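Encoded as structure tokens, the structure appears first; notes follow it.
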Amino acid sequence: MLKMTHLSKVYRTEVVETYALRDFNINVNEGEFVAVTGPSGSGKTTFLTIAGLLETFTGGQYHLDGVEVSNLNDNERSRIRNEKIGFIFQAFNLIPDLNVFDNVEVPLRYRGMKAPERKQRIMDALERVGLASRAKHYPAELSGGQQQRVAIARALAGSPRLLLADEPTGNLDTQMARGVMELLEEIHREGATIVMVTHDPELAARAQRNVHIIDGQVVDLAEDPRFHHAVHAARANSPA
Amino acid sequence: MLHIKPILVALKRHKAGTILIAMQIALTLAIVCNALFIIDQRLDRIARPTGLDESNLVIIRNRWVGVTDEATGPLIHGDVQALRQLPGVQDAISINSYPLAGGGWSTGVRVNVDDKKSKAHTTLYFSDEHMLPTMGARLIAGRNFTPDEVTDAKANAVDTPAVIIITKALAHDLFPDGSALGKSVYVSDTKKPSTIVGIVERMQVPWNSSWADAWAENAVFQPYVLMYSGNVLLIRTKPGQQDAVMKSAPEMLFKLNRMRVFPKENGVRTFANQRESIYKRDRGMAILMGVVCLVLLGITAAGIVGLTSFWVGQRRKQIGVRRALGATKRDILSYFLTENLLIGTVGVLIGALMAIGMNLWLVTQFEMARLSLAYVAIGVVALLLLGQGAVLAPAMRASRVQPVEATRSV
């Protein structure tokens, strides 16, 4: 589903070159739930933005759903983002001027979908996250957890091949975070491929697999003993 | 059409800016439409042909000093004869007024002796048989005056001549159903008929203001040399001799008789100078209106650029989110263009009504002409295009926002 080989991302200024990712390799199979972890500044978010085609990379190869994306133009990248990827952002990123229904509709409109099909998909997605009754509400009228559920509904409505979640519970309290996490797990059980970036060992423990990044490279989790232990401890305490 | 509904929904939540720009567009349209209409009217007025052959025409305003009107007859004949002999002069006349002079004689013309009301209004031009050739008037029917038909007339007691020449426009007003040539009419309140012996294609009245617009080309030529201490000498020079005659003619006239003055400001001038001076206000008004239009359009365009730039800055993250969710650069560009088009459409609809309302007020208050709807239509299209043009730069800036903006914290 997602395969990066010897991928690098370099930010250049006049005086300095900074490697955000260096010789980065990852392979996510269809139906997997992968947690990408690492300390602040390790390159997690850079990985996610490149994986989601929000940013280009400097070197290496990236195959998404069998397509090598480095030569795609801006329109083709937009189309792939729209059709194959569902984004869940830490800050929800709902459009404040639009109500819940219209927010979920945004990516479907860019796909050129007809109104009846859009409506059906939106209501199904809102039903799925338990917010069908809030379709006419504006984001400001919802709690953080509800807003993130709307964002998940927006990501699901387009039936993407890959869900990318960037610290999806980072802005939520424990109870809301648990609800959102359970929803993601449920979506995964139904067959979705999910790549979640997090620095939270408890969330990482709930994923099928952990990919740990330090200094822009994938490393064995054992190379970060504190995080390693935290993940193990979380797994041990998990009810599942 | 893709984004109209969500754009309208979003605009509802930004009422203040939306209403402000829509009203600015409306007001600009209303003022610009009326201003352009006034400009066009002024330019039309300036472009009206006088009927004169305007090149090689020199005008001398002659004021006799210490000479009664009655005594001016021989002096005027002497002047005209001498001018006709002057090198570089093709022809010359003494006349009471001329097109665009600013002042002259006007009266009514009746078709029947018992008519209580005039059939048409007209100006009167008095001079001899050299009048038409000197003015450069084109005779399209009948004949010119003969020397024996020309007489001297006191300025305060002009009699009715047996023969007159009129313009085509006046002929049409007097006899709309047939030829005026050979017909008799009654000029002013006389009971003595004048026979129309010639018809001239066109000759404008001396006034350029709107009160004479309805009869701007109605003129009667009468074969009188007016004995008047404030006569005008109209000189047709040979080609290329205009400047020389402007110097030699006044010198010669002073040599002939020093008891005269030529007003310093406009005593001796070419017809081109006269045209320039008489239309100065019209031209000034047209330029002023044009500047007002440009300033208004500039302010409106700047307002649109400013508001859109502000909105683009404010929505930078939102644009990034849209891009992340699959919007192409073109989708973002079209979002802002459509948003502007919607605001602009509301603005021009209100503006069109305001333009018509403003014109109706001007019509009732200042006797202005009715605004042609073509101006409103052109104004609507121009304002919408201006809006689209103004929004283009900020919209393109918006379209260049990268999708990665969606992941950045504000």
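Couple of notes before you dig in:
- Principal axes of segment A:80-191: Cα extent on each, largest first, Å: 39, 30, 20
- When segment B:103-226 is reduced to its Cα atoms, the Kirkwood hydrodynamic radius in Å: 14.3
- For the protein assembly as shown, the spherically averaged projection of the C-alpha convex hull amounts to 44.6 nm².
- Between segment A:202-216 and segment B:343-381, the alpha-carbon center distance in angstrom: 67
- Sites excluded, GluC sites (Glu not before Pro) in DSSP loops with at most 12 other C-beta within 10 Å, longest stretch of chain B: B:1-264
- Phi angles of segment A:138-144 translate, via the Karplus equation with coefficients 6.51, -1.76, 1.60 and θ = phi - 60°, into HN-Hα couplings of 8, x, 5, 8, 10, 6, x Hz per residue; Gly and Pro are given as x.
- Cβ-placed point charges (K, R +1; D, E -1), dipole of the protein assembly as shown about Cα centre in debye, nearest 20: 440
- Along the axis of the charge dipole computed for chain A (Cβ charges of +1 for Lys and Arg, -1 for Asp and Glu, origin at the Cα centre), the listed residues A:122, A:153, A:232 are led at the positive end by A:122.
- Using the Karplus relation 6.51 cos²θ - 1.76 cosθ + 1.60 with θ = phi - 60°, the per-residue 3J(HN,Hα) values for segment B:93-106 come to 9, 9, 9, 6, 6, 6, x, 6, 5, x, x, x, 10, 9 Hz, with x marking Gly and Pro.
- Spatial separation of Cα centroids for segment A:141-197 and segment A:19-49, in angstrom: 18
- The calculated 222 nm mean residue ellipticity attributable to helices in chain A amounts to -12000 deg cm²/dmol, summing -39500 (n - 2.57) over DSSP H runs of n ≥ 4 and dividing by all residues.
- Interface burial in segment A:50-88 reaches 50 Å² or more for A:54, A:74, A:81, comparing the full protein assembly with the chain by itself; accessible area from heavy atoms with a 1.4 Å probe.
- Computed helical MRE - 222 nm, chain B, DSSP H runs ≥ 4 contributing -39500 (n - 2.57), nearest 500: -16500 deg cm²/dmol
- Evaluated with a Cβ-only charge set (Lys, Arg +1; Asp, Glu -1), chain A carries a dipole of roughly 640 debye about its Cα centre, given to the nearest 20.
- Relative contact order %, chain B, counting alpha carbon pairs below 8 Å whose residues are six or more apart: 28
- In segment A:1-54, GluC sites (Glu not before Pro) in a DSSP loop with at most 15 other beta-carbon atoms within 10 Å: A:14, A:30
- Between segment A:77-137 and segment B:1-48, the Cα center-to-center distance that results, in Å: 35
- When the Cα positions of B:49, B:406, B:71 are compared along the charge dipole of chain B, B:406 comes out farthest toward the positive end, with charges on each C-beta of Lys, Arg, Asp and Glu.
- Coil-residue trypsin sites (Lys or Arg not before Pro) of segment B:79-176, DSSP, other Cβ within 10 Å capped at 10: B:116, B:117
- Cα shape, segment A:131-209, gyration tensor, a/c 1.5 rule: oblate
- About the Cα centre, charge dipole magnitude for segment A:79-204 (Lys/Arg +1, Asp/Glu -1 at Cβ), debye: 720
- Scanning chain A for trypsin sites (Lys or Arg not before Pro) that sit in a DSSP loop and have at most 13 other Cβ atoms within 10 Å, the longest stretch containing none of them is A:1-113.
- Hydrodynamic radius of chain A per Kirkwood, over alpha carbon pairs, in Å: 18.5
- In segment B:202-277, Cα pairs under 8 Å separated by at least six residues give a relative contact order of 19 percent.
- Segment A:164-216: C-alpha gyration tensor shape, a/c 1.5 cut-off, then a/b vs b/c: oblate
- With every protein chain in place, chain B: carbon and sulfur % of accessible area (1.4 Å): 61
- Selection among B:184, B:112, B:212 by position relative to the dipole of segment B:103-226 gives B:112 as farthest towards the positive end (Cβ unit charges, Cα centre).
- Under 5 Å between amide hydrogens, built in the peptide plane, is the criterion, and for residue B:219 it picks out B:123, B:167, B:170 among residues at least 5 positions away or on other chains.
- Among the GluC sites (Glu not before Pro) in segment A:156-216, those placed in a DSSP loop whose Cβ has at most 11 other Cβ atoms within 10 Å are A:190.
- Gyration tensor verdict on segment B:152-287 (Cα atoms; rounded if a/c is under 1.5, prolate if a/b is larger than b/c, oblate otherwise): oblate
- Cα pair count fraction exceeding 34 Å, expressed as % - chain B: 51
- Summary value for chain A: 29 percent relative contact order, contacts being C-alpha pairs under 8 angstrom separated by 6+ residues.
- Once the Cβ-Cβ distance of residue B:138 and residue B:377 is raised to the sixth power relative to R0 = 30 Å, the FRET efficiency obtained is 0.20.
The values are calculated or read from the model by the stated rules, or taken from the named source; none is laboratory data. Fair warning: this is a prediction, and the values are worked out from it, not measured in the lab. Heads up, the Cβs are rebuilt from the backbone with ideal geometry, glycines too, and the neighbour counts pull from every protein chain shown. Surface areas here come from the heavy atoms of the whole protein model, side chains and all, with no ligands, DNA or RNA. Shrake-Rupley method; radii C 1.70, N 1.55, O 1.52, S 1.80 Å.
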